[in-house]
Amino acid sequence: MTRLGSALRTLVVAAAAGLLAVTGAVAAPAPPASAAPEPKAPREFVALGSVDRTIVQEMRYSTPHNFVGEPVDGYQQPLCILTRPAAEALHRAQLRLLARGYTLKVYDCYRPQRAVDHFVRWAKDLEDERMKGEFYPLVDKSRLFADGYIAEKSGHSRGSTVDLTIVRLPAVPTRAYVPGEELTECYAPRAERFPDNSVDMGTGYDCFDTLSHTDDPRIQGEQRANRQLLKGALVEQGFVNLPEEWWHFTFKPEPFPSTFFDFPVARRSVAGH
């Protein structure tokens, strides 16, 4: 019986080995498929710094100092990316302003669709009002879509829209925002609202209020003159202002008037352009 049992075990092992050879089965699991690479920008996109190094960049959505209260999806680096025609037009406007003792400062440039999706998710979460005290103190969050402050698509994702302001030279750096610090209304007097090295535009950036309308009649004197200085410098170079936001300009004609991109805001997205 011992010899018979040993022979049977040998046959079983051999049969199993043959089955593995036929089926190609392996003991170790297959490695997981690698993640798809991030999309890159078309060659028409460039980092603004490669066209003009003098324009100040304070990319708010890569930081927690914005109406969401946290870094926004897709902003992997604090970098301004634009289509080349828009970047070159900003450079021309910058030359005119430098001669007058000012510099441009950009807050946001190209914005990936994933960032817009982040805004939409945030707007639908009516419980999250951590930044209401600064950015939308008079607006009920349930009204953000109806009032046009949030939308499911943004012209920024087409690559030729920029949010920006003017800073008098020499530029003094803006202090860092500290998450959880006491907030002040974005339309408060300049000495009271969050400090910004920008000239006084009457409201802070991304202020969800009608006072942000470029030509709001309540904005007068130096504040109105500053808005007109910014608008004049950009319109002269082919930009069109969004009347509801003094900081928002789109270069025309847009190279991509109907394409909404989703490559991340990162140097590798425009590497070699």
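The values are calculated or read from the model by the stated rules, or taken from the named source; none is laboratory data. As the structure is a computational prediction, the values presented were derived from the model and not from experiment. Please note: Cβ atoms are built from the backbone with ideal geometry, for glycine as well, and neighbour counts cover all protein chains shown. Surface areas here come from the heavy atoms of the whole protein model, side chains and all, with no ligands, DNA or RNA. Shrake-Rupley method; radii C 1.70, N 1.55, O 1.52, S 1.80 Å.
For Ala176, are the conditions met, namely being modelled with pLDDT under 95, aliphatic (A, V, I, L, M) and out of contact with any helix residue (DSSP H, G or I) (no Cβ under 6 Å at 6 or more places or on another chain)?
Numbers: modelled with pLDDT under 95: yes; aliphatic (A, V, I, L, M): yes; out of contact with any helix residue (DSSP H, G or I) (no Cβ under 6 Å at 6 or more places or on another chain): yes.
Here the answer is yes, as Ala176 does meet what is asked.
Matching residues to (1) at pLDDT 95 or above; (2) under 30 Å from Leu104 (Cα atoms); (3) assigned to a loop (DSSP other than H, G, I, E, B):
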site	(1), (2), (3)
Ala14	no, no, no
Leu19	no, no, no
Pro37	no, no, yes
Pro64	yes, yes, yes
Glu70	yes, yes, yes
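For the range 248-268, which positions are in contact with a Ser or Thr (Cβ under 6 Å, 6 or more places away or on another chain) and in a loop (DSSP other than H, G, I, E, B)?
Restricting attention to the range 248-268, the residues satisfying the condition of being in contact with a Ser or Thr (Cβ under 6 Å, 6 or more places away or on another chain) are 250-251, 254-255, 260-261, 263.
Passing the criteria: Glu254, Pro255, Phe260, Phe261, Phe263.
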Item to check | Failed criterion for Gly159 (all others in (1) in contact (Cβ under 8 Å) with a residue 12 or more places away in the chain; (2) over 24 Å from Pro71 (Cα atoms); (3) of a type in the set (Gly, Ala, Ser) hold) | outcome: (2)
Checklist entry - How many residues are open to solvent by 50 Å² or more (accessible area, probe 1.4 Å) and outside any loop (DSSP other than H, G, I, E, B) if we restrict to the range 170-222? => result 3
Item to check | Looking only at the range 57-74, and only at residues there that are open to solvent by less than 10 Å² (accessible area, probe 1.4 Å) and of a type in the set (Val, Ile, Thr), the one that is farthest from Ser157 (Cα to Cα) | outcome: Val68
Checklist entry - Among the residues of the range 247-265, is any over 23 Å from Ser154 (Cβ atoms) and surrounded by 21 or more Cβ atoms within 10 Å (Cβ to Cβ)? => result no
